[in-house]
Amino acid sequence: MPTDIKIISAYDFVRATASGEFDFEMSKKALIEVASATAHLVNYRILLDTRKTQMQIAAGDLWHLARELSNLGKAFCQKTAVLCPTERFDDAAFFALCGQNRGFRIQAFTSFEDAIDWLSGIQPDASQR
């Protein structure tokens, strides 16, 4: 069955201050804009691609950003995959856990293919484990 996947780059919603620090308020506003732009879509899944983001985001900010997902529930009500580089997997997994605790189907991945497979509902082959 075909799956509609919307790829959202971290550049679409992660914002920094003039000093290069994570700007939560501006990022929240940008995330709301992204969610508003996708709210009319039906039966789609989201891939948040954070692989090229250089900015470190504190755990507290990740928690607050995940909390914002619950305010934008309609846009993120389907599966959401967070794609990240290996060295930031723990941060992405924490963000996903925060979202899962709020009832979202969200998972962290370091492999584009694994993220797409999960979003598409494809189960991994036992011989590939």
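The values are calculated or read from the model by the stated rules, or taken from the named source; none is laboratory data. The model shown is predicted, which means the values in this text are computed figures rather than measured ones. Because the Cβ atoms are built from the backbone with ideal geometry, glycine has one as well, and the counts that use them run over all protein chains shown.
Observations
- If you go through the range 7-20 and keep only what is of a type in the set (A, V, I, L, M), surrounded by fewer than 16 Cβ atoms within 10 Å (Cβ to Cβ) and in a loop (DSSP other than H, G, I, E, B), you end up with just ALA18.
- Checking ASP61, ASP23 one by one, the residue that is crowded, with 16+ Cβ neighbours inside 10 Å, closer than 14 Å to ASP91 by Cα and not hydrophobic (A, V, I, L, M, F, W, C) is ASP61 and no other.
- Taken over the range 44-65, the criterion of being farther than 22 Å from SER120 by Cβ and either hydrophobic (A, V, I, L, M, F, W, C) or assigned to a helix (DSSP H, G or I) (or both) is satisfied by MET55, ILE57, ALA58, ALA59, GLY60, ASP61, LEU62, TRP63, HIS64, LEU65.
- Residue that is surrounded by the fewest Cβ atoms within 10 Å (Cβ to Cβ), among those in the range 95-116 that are of a type in the set (Val, Ile, Thr) and without any contact (Cβ under 8 Å) to a residue 60 or more places away in the chain: THR110
- Some residue of the range 76-85 being closer than 17 Å to PHE13 by Cα, not in a strand (DSSP E or B) and not aromatic (Phe, Trp, Tyr): yes
- Index of the failed condition, ASP4 passing every other in (1) under 20 Å from LEU119 (Cβ atoms); (2) at pLDDT 90 or above; (3) surrounded by fewer than 13 Cβ atoms within 10 Å (Cβ to Cβ): (2)
- All positions within the range 72-104 that are at pLDDT below 90 and basic (Lys, Arg): LYS74, LYS79, ARG102
- Yes/no for LEU41 being at pLDDT below 85 and not in a loop (DSSP other than H, G, I, E, B): no
- Enumeration of residues in the range 15-69 that are without any contact (Cβ under 8 Å) to a residue 40 or more places away in the chain, within 18 Å of CYS98 (Cβ to Cβ) and of a type in the set (D, E, K, R): ASP61, ARG67
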